[in-house]
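The values are calculated or read from the model by the stated rules, or taken from the named source; none is laboratory data. Since this is a predicted model, take the numbers as computed values, not measurements. Glycine gets a Cβ as well: all are built from the backbone with ideal geometry, and neighbour counts include every protein chain shown.
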């Protein structure tokens, strides 16, 4: 795996809290009214500590990093993040992915989805695949931008091909620019399971070039 932008990994229990094992029962709360997901999870942690996991997230002020990157070419900026010279963007920490490979017009990210990325129906939320694909697609375009030139995403299309679970291990997102015009750029990507090589999702993005 390339230089990681993740400085730590959550230690998450792997036992299924609903498998009927000893002490695995979830204490269901009575109706409580609207509250944030964070508050609800804290309340359940007090009632059902045996099914509770936790993760500490650490990040740096993203505005400071962006200001430093604005003075570099896109390739220089992203390489500085990969090398640990500039802090990773907070989204990479929250979603647990990092830069594995980088060259002009191409980027490869690696990530490891976990329970903290699950949706209510027991698999990793589709937003995980969409986020890592959106990020690697944008970074591939960013590598083509000289200093003083930026970009922003205009469109993102994701096709989900296989479910992702906490047991899938490392996933690899590979993106390449297929068109680079003066005002627009298009990139294509695929998301695969590193252990099996199975294709999990594909993505296409069009970006507006800002100069």
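Criterion first (touching a helix residue (DSSP H, G or I) at 6+ places or on another chain (Cβ under 6 Å), part of a loop (DSSP other than H, G, I, E, B) and either at pLDDT below 95 or outside the structural domain of residue 150 (by TED's automatic domain parsing) (or both)) does residue 32 satisfy it? Spell out the reasoning first.
Numbers: touching a helix residue (DSSP H, G or I) at 6+ places or on another chain (Cβ under 6 Å): no; part of a loop (DSSP other than H, G, I, E, B): yes; either at pLDDT below 95 or outside the structural domain of residue 150 (by TED's automatic domain parsing) (or both): yes.
Criteria not met by residue 32.
Hey, residue 59 hits all of (1) modelled with pLDDT of 95 or more; (2) surrounded by 12 or more Cβ atoms within 10 Å (Cβ to Cβ); (3) more than 15 Å from the chain's Cα centre (by Cα) but one; which does it fall short on?
Going through the list (1) modelled with pLDDT of 95 or more; (2) surrounded by 12 or more Cβ atoms within 10 Å (Cβ to Cβ); (3) more than 15 Å from the chain's Cα centre (by Cα), residue 59 breaks only (3).
If a residue must be in contact with a strand residue (DSSP E or B) (Cβ under 8 Å, 6 or more places away or on another chain) and assigned to a strand (DSSP E or B), how many such residues does region 84-136 contain?
Residues flagged as in contact with a strand residue (DSSP E or B) (Cβ under 8 Å, 6 or more places away or on another chain) and assigned to a strand (DSSP E or B) within region 84-136 amount to 14.
Which condition number in (1) within 28 Å of residue 41 (Cα to Cα); (2) touching a helix residue (DSSP H, G or I) at 6+ places or on another chain (Cβ under 9 Å) is the one that residue 146 fails?
(1)
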